[in-house]
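Chemist: Starting off with a structure, shown below.
The values are calculated or read from the model by the stated rules, or taken from the named source; none is laboratory data. Since the model is a prediction, treat every value here as computed from it, not as a measurement. Glycine also receives a Cβ, built like all others from the backbone with ideal geometry; neighbour counts cover every protein chain displayed. All accessible areas refer to the heavy atoms of the entire protein, side chains included, with ligands and DNA or RNA removed. Shrake-Rupley method; radii C 1.70, N 1.55, O 1.52, S 1.80 Å.
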Amino acid sequence: MPSSLQTAAGTKVTRTQSPPVARQLSVRSIMESILRRGPTSRAELAKITGLSRQTTTQVVLELERDGWLQVSGKTQGPLGRSAPTYELNPASAYILGIRLEGSVVQMALADIRGTVVIELSEPTAPPGGLAVIQQLGRLYLSLVRQSGVQRDRIRVGVMGSPGVVDPKTGRIDIAPSIPHLEDINVVEELRNEIGVPLTIENGVKLAALGELWQGAARGIRNFAYFGIGSGVGVGVVADGRLLRGARGAAGEVAYLPIGGDPFDPMGLVKGTFETAVNSAAIIRRYESYGGAAGTGIGDIFAALEAGDRIAAAAIDETARIVTLGISAVHAVVDPELIVLGGSVGRRASVAERIRVLLPRVIPDHLPVNSSVLADRATLVGALGEALNLLHADLFGVEAIRREISMTNLTAGLREA
């Protein structure tokens, strides 16, 4: 149990051996029940877990003594007697979530119950490489200083990054939006910079987990998240678990041989499919159809809403190519839902066109939803994964994140 190493406050506990397996399982059962149900009395915990009243009381009081649980209120028993209810002590541990993209860095701290206490963001440092690592270090110090959270309470962090993260080396490949990121060991450098145990995952994959946890795919065990913006990627959740692949590259649909000549050597650099459907491709397509040069992607969608035929033709062609990409993923992983995200993908006008086209290329009915987390999906997914890692490490409780409601983060979502 957590107190076998230290209390929530960080006080070392001297013991000659780890707690017995039976006690560890008791802790796991009790913590899982509280995580799922919220404030719960000892009598209710004994009934839910099947543990004896004596064991339940001993474990709960020990967790309270070491700072992991706190009394939240009282409940009335059948004979009119009141009993204290227990909940996680929010100040016992914290997690760090990071979203790193070519244009923006977002960072947030959340407590052990999933409540976000602070969030900061700023434009990504243009030089890339070590300059971005140093930027993340400065932003982390600002986060800690402004929140007042003690650094030793921050137990684990997860960062969403562009590119393919090698799980063995910690290096990131195929991340052209941030220069020189491929030249360094990002995991090692960032751990040294901020001093927190850290895991790095592809940002689109974390966005898929965010939609699974708090977004458009809640309750769905098999779906594919298409992130379409300045880049293109897919996060696949199969049987409730994220599909990563042998090298962490599952979902790198940028290289699908769709939308152009797959034998063009440039396709190996930027990806045939990505260069046909990303925001830069839409701008090129709009200009080639007769639209004004220098028009931004936001202006093209605004023109579309205003009835501009050139904008409509550019988005129509883009949706047609994306539909082919969805049909390829559908043939391989058989999802029950497609979630469209990213600055381009989550727009209603894109989803509407794909819903019309998709029945023409696949025989099955496949729902298509727009992301509800918008540009926060990756950060929500990073925090959810960090929360899962924290609970598993402390209490042996895994895959609980979907049942915890994150506050202060999913409110006020906006269309970028």
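Chemist: Sorting Asp239, Asp375 by accessible area (1.4 Å probe), largest first, what list results?
Modeler: From most accessible down to least: Asp239, Asp375.
Chemist: Based on the alpha-carbon gyration tensor of region 326-382 and its eigenvalue square roots a ≥ b ≥ c, which shape applies: rounded if a/c is under 1.5, prolate if not and a/b is larger than b/c, or oblate?
Modeler: Because a/c hits 1.5 or more and a/b fails to exceed b/c, region 326-382 counts as oblate.
Chemist: Okay, next question. Under 8 Å for C-alpha pairs, at least 6 residues apart: give me the relative contact order for the chain, rounded to a whole percent.
Modeler: It comes to 17 percent, rounded to a whole number.
Chemist: Search the structure for amide H atoms under 5 Å from the amide H of Leu373, placed 1.01 Å from N in the peptide plane, and list their residues when 5 or more places away or on another chain.
Modeler: Residues meeting the amide H criterion: Ala216.
Chemist: Roughly what angle does helix 21-37 make with the longest principal axis of the chain, taking Cα atoms, 0 to 90 degrees, to the nearest 10?
Modeler: In the chain, helix 21-37 runs at an angle near 60 degrees to the longest axis.
Chemist: Classify the chain: rounded, prolate or oblate, from the alpha-carbon gyration tensor (a ≥ b ≥ c, eigenvalue square roots; a/c under 1.5 rounded; otherwise prolate if a/b is larger than b/c)?
Modeler: Taking the square roots of the gyration eigenvalues as a ≥ b ≥ c, the chain is prolate.
Chemist: Per residue of region 383-391, what does 6.51 cos²θ - 1.76 cosθ + 1.60 with θ = phi - 60° give for ³J(HN,Hα)? Whole Hz please, x for Gly and Pro, Karplus curve as stated.
Modeler: So the J values, rounded to whole Hz, are 5, x, 5, 5, 4, 4, 4, 5, 5.
Chemist: Using amide H atoms built 1.01 Å from N in the peptide plane, name the residues 5+ places from Ile118, or on other chains, whose amide H lies under 5 Å from its own.
Modeler: Leu109
Chemist: Between Arg309 and Arg37, what FRET efficiency follows from the Cβ-Cβ distance if R0 is 60 Å, with the result rounded to 0.05?
Modeler: The value I calculate is 0.60.
Chemist: If you place +1 on the Cβ of every Lys and Arg and -1 on the Cβ of every Asp and Glu, how big does the dipole about the Cα centre of the chain come out, in debye to the nearest 20?
Modeler: 1620
Chemist: Nearest 10 degrees, 0 to 90: what angle lies between the long axis of helix 279-288 and the longest principal axis of the chain (Cα atoms)?
Modeler: 20
Chemist: Under 10 °C and 1.306 mPa s, how fast does region 131-227 diffuse according to Stokes-Einstein, given a Kirkwood radius computed over C-alpha pairs? Answer in µm²/s, whole number.
Modeler: 107
Chemist: Further question: Residue by residue, what Karplus-based ³J(HN,Hα) values in Hz, rounded to whole numbers, does region 309-326 have, using 6.51, -1.76 and 1.60 with θ = phi - 60° and x for Gly and Pro?
Modeler: Per residue, the Karplus-derived 3J(HN,Hα) values read 6, 5, 4, 4, 5, 5, 6, 4, 5, 5, 4, 5, 5, 4, 4, 5, x, 5 Hz.
Chemist: How far, in nm, would the chain grow between Asp393 and Arg23 when pulled straight, counting 0.36 nm per residue and subtracting the alpha carbon separation?
Modeler: 131.6 nm
Chemist: Suppose accessible area is computed on protein heavy atoms with a 1.4 Å probe; arrange Asp66, Asp299 from highest to lowest.
Modeler: The residues order as Asp299, Asp66, largest area first.
Chemist: How many nm is it between the label spots at Asp364 and Ala292, if each spot is 7 Å from the Cα in line with the beta carbon?
Modeler: Going by the 7 Å Cα→Cβ label model, 4.6 nm.
Chemist: Give me the percent relative contact order of region 101-162, please, defined on Cα pairs under 8 angstrom at least 6 residues apart.
Modeler: That works out to 31 percent.
Chemist: Right, another one. Under 13 Å from a label point 7 Å along Cα→Cβ of Ala238: give me every residue in region 253-288 with its amide N that close.
Modeler: No residues fall inside that zone.
Chemist: Okay, moving on. How would Arg42, Arg145 line up by accessible area, probe 1.4 Å, largest first?
Modeler: Greatest to least solvent exposure: Arg145, Arg42.
Chemist: By how many nm would the segment from Glu188 to Val332 grow when fully extended, if each residue of separation counts as 0.36 nm and the alpha-carbon distance is taken off?
Modeler: Using 0.36 nm per residue and subtracting the Cα-Cα distance, I get 48.4 nm.
Chemist: Leaving ligands, DNA and RNA out of it, work out the accessible area of Ser92 with a 1.4 Å probe and give it in Å² to the nearest 10.
Modeler: Accessible area, nearest 10 Å²: 0 Å².
Chemist: Going by amide H atoms built from the backbone, whose H comes under 5 Å of the H on Asn202, apart from near neighbours?
Modeler: Sorted by chain and number, the residues that satisfy this are Ser161, Val165.
Chemist: With every protein chain in place, what's the accessible area of His180 (1.4 Å probe, Å², nearest 10)?
Modeler: Rounded to the nearest 10, that gives 110 Å².
Chemist: Between region 24-55 and region 187-209, what is the separation of their alpha carbon centroids in Å?
Modeler: Comparing the Cα centres of region 24-55 and region 187-209, I get a distance of 33 Å.
Chemist: Okay, moving on. Ignoring the sites themselves, what is the longest stretch of the chain with no GluC sites (Glu not before Pro) in a DSSP loop and at most 13 other beta-carbon atoms within 10 Å?
Modeler: 1-397
Chemist: A further question follows. Principal axis lengths of region 56-109 from Cα atoms, whole Å, largest first?
Modeler: Cα extents, longest axis first: 62, 22, 14 Å.
Chemist: Now for a different question. Report ³J(HN,Hα) in whole Hz for each residue of region 261-277, in order, from the Karplus equation J = 6.51 cos²θ - 1.76 cosθ + 1.60 where θ = phi - 60°; Gly and Pro get x.
Modeler: Values per residue, Gly and Pro as x: 7, x, 9, 5, x, 5, x, 6, 8, 10, x, 4, 5, 4, 6, 9, 10 Hz.
Chemist: Could you tell me the accessible area of Lys74 in Å² (1.4 Å probe, neighbours in place), rounded to the nearest ten?
Modeler: 150
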